[in-house]
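Before any comments, here is the structure.
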Amino acid sequence: MYRGARARLAPWLLAGFGLAFTGAAIVWHLGIETQRIGQVGGPALALALDGLLPLVLVYGSYRLVSSSTPGAQIWTVFVWSVVGSAAVGAIIGLSVFIRMMEGRTIAEPVFVTLLAMETGAVTGLIAGTLAVRARQDASRATRTANTLSFVNDLFRHDIANGLVVIDGRATIIRRNADSDTVQTAADAIHEQVTELDSLVDNAGAVVETLSSDPAFEPTDIVGIAEAVIQRIEQTHPITIELQAPDSAMAYTNEAARPVLRNLIENAIEHGTPAAELSAEGTATDGTALPSEAQRAETTELTGDRYHQPSVFVAIRETDDDVETHVVDDGPGIPDDRRDSVFDPRAGDTHGGGLHLVETLVTSFGGDISLADTASKTDAPFPDTALDGAHFVVELPRA
């Protein structure tokens, strides 16, 4: 009950606080000073200063009400204003009192003290408003984070359940398939379900990485790269060369998997005509991907239709980092786009993927850069004939 009444009265109290100062200034300057000194000019100028300044409190109260600020928060602003006025007024008043105790002549203590209190009140109004706005922003951010976390968990749960159903139906189709085409289609569905299930799991790691207190542990980047490459080669008719030691441990988590997958898929998209492949791992005309034997046969053919993109991935350890190099056989990044290649671009999935990669790598405490070519790095690099876009990821070595 008390809080409700306080919230309703807060705007009126704040405005009344300002009007009280204005009233005090009118009484002092026009009612007392004019009689003491026998003139109106000086007191009128003083009134223009410390009589109009507190009207800022009245305007502030109006602005807070018109912006639908809750009464409880307007009460906070009012308290800040009162405290600011009392603090500054006390300091100035105390300094005047000390000078009077010393026997010094104080020309106009009331005017100075009144102006100081009004200045403190306006300062408190501004500080209190900023504090309220900061609290509102923090509250909205917390609600947004909680909502996104809930939606993320809900979607991951529902998608995972849906994938189980899809995979079960694909299994039934595969067992009862009466043609190689149906069998191949069922296998493709199973592979994509497995990949999507992995993506759902990785989404949790991405959320954790982007949180305020992520937990990282020694992770084998080579093992992740081998798994990602194997999965991509099952759904894309490509050649990916990997040069790496047996293992390379870096402080990351499972979110390192989408980092490598996005970089390699970006290399594939920029190293092959877009009309040849679709992101779902099937030809754009809807037919199933060729078998391993068919791939070997088509690699001997020439022409854009049978062009087989190549991607080169190299992993190596330095004293402080684990470096991952991804090179494609495309035309490279144009000079006018090199500085903005990691920027998010609406409607551009390539830029979005690279922006995600940069965000995750930075969250790991690492760095990602775009090199000129594989042969222009500042340290020895495994031989490769590819000379397209060359991305270098550096992760803290475990």
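The values are calculated or read from the model by the stated rules, or taken from the named source; none is laboratory data. Computed from a predicted structure; not experimentally measured. Please note: Cβ atoms are built from the backbone with ideal geometry, for glycine as well, and neighbour counts cover all protein chains shown. Calculation scope for accessible area: heavy atoms of the full protein, side chains included, ligands and nucleic acids excluded. Shrake-Rupley method; radii C 1.70, N 1.55, O 1.52, S 1.80 Å.
Structure notes:
- For region 200-213, a residue qualifies if it is assigned to a helix (DSSP H, G or I) and not hydrophobic (A, V, I, L, M, F, W, C), and the qualifying residues are 201, 202, 204, 208, 209.
- If the condition is being among the charged types (D, E, K, R) and more than 30 Å from residue 33 (Cα to Cα), then region 114-142 contributes 133, 135, 137, 140.
- When residue 28 is tested against the conditions (1) over 52 Å from the mean Cα position of the chain (by Cα); (2) under 21 Å from residue 79 (Cβ atoms), the lone failure is (2).
- Residue check, residue 195 at pLDDT 75 or above and either within 26 Å of residue 169 (Cβ to Cβ) or out of contact with any helix residue (DSSP H, G or I) (no Cβ under 7 Å at 6 or more places or on another chain) (or both): no
- All positions within region 89-116 that are of a type in the set (A, V, I, L, M) and free of Cβ contacts under 8 Å to residues at least 24 places away in the same chain: 90, 94, 96, 98, 100, 101, 106, 107, 112
- Taken as a whole, the condition of being assigned to a loop (DSSP other than H, G, I, E, B) and either modelled with pLDDT of 60 or more or open to solvent by 40 Å² or more (accessible area, probe 1.4 Å) (or both) applies to residue 290.
- The residues in region 171-199 that are open to solvent by 50 Å² or more (accessible area, probe 1.4 Å), assigned to a helix (DSSP H, G or I) and farther than 29 Å from residue 259 by Cα can be counted, and the count is 9.
- Single residue of region 347-379 satisfying the filter (modelled with pLDDT under 80, outside any helix (DSSP H, G or I) and at negative phi) that is most open to solvent (accessible area, probe 1.4 Å): 378
Residue by residue, here is whether (1) at pLDDT 90 or above; (2) in a loop (DSSP other than H, G, I, E, B); (3) under 23 Å from residue 211 (Cβ atoms) holds:
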position: 315; (1), (2), (3): yes, no, no
position: 331; (1), (2), (3): no, yes, no
position: 338; (1), (2), (3): no, no, no
position: 345; (1), (2), (3): no, yes, no
position: 381; (1), (2), (3): no, yes, no
position: 385; (1), (2), (3): no, yes, no
position: 391; (1), (2), (3): yes, no, no
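- Residue that is surrounded by the fewest Cβ atoms within 10 Å (Cβ to Cβ), among those in region 103-141 that are of a type in the set (Ser, Thr, Tyr) and within 48 Å of the chain's Cα centre (by Cα): 139
- Restricting 68, 61 to those that are outside any helix (DSSP H, G or I) and at pLDDT below 95 reduces the list to 68.
- So residue 145, is it over 24 Å from residue 14 (Cβ atoms), in a helix (DSSP H, G or I), at pLDDT below 80 and open to solvent by less than 80 Å² (accessible area, probe 1.4 Å): yes
- Meets criteria (within 26 Å of residue 205 (Cβ to Cβ) and out of contact with any helix residue (DSSP H, G or I) (no Cβ under 6 Å at 6 or more places or on another chain)) for residue 141: yes
- Scan of region 238-267 for residues that are modelled with pLDDT of 90 or more, within 11 Å of residue 220 (Cα to Cα) and open to solvent by 30 Å² or more (accessible area, probe 1.4 Å), ordered by number: 245, 246, 247, 249, 251
- Checklist (1) in contact with a Gly (Cβ under 7 Å, 6 or more places away or on another chain); (2) more than 29 Å from residue 329 (Cα to Cα) applied to residue 235, failing item: (2)
- Region 34-87: number of residues that are of a type in the set (Gly, Ala, Ser) and open to solvent by 30 Å² or more (accessible area, probe 1.4 Å): 11
- Pairs, first free of Cβ contacts under 8 Å to residues at least 12 places away in the same chain and assigned to a loop (DSSP other than H, G, I, E, B) in region 31-57, second among the polar types (S, T, N, Q) and surrounded by 11 or more Cβ atoms within 10 Å (Cβ to Cβ), C-beta under 6 Å, six or more apart: 40/34
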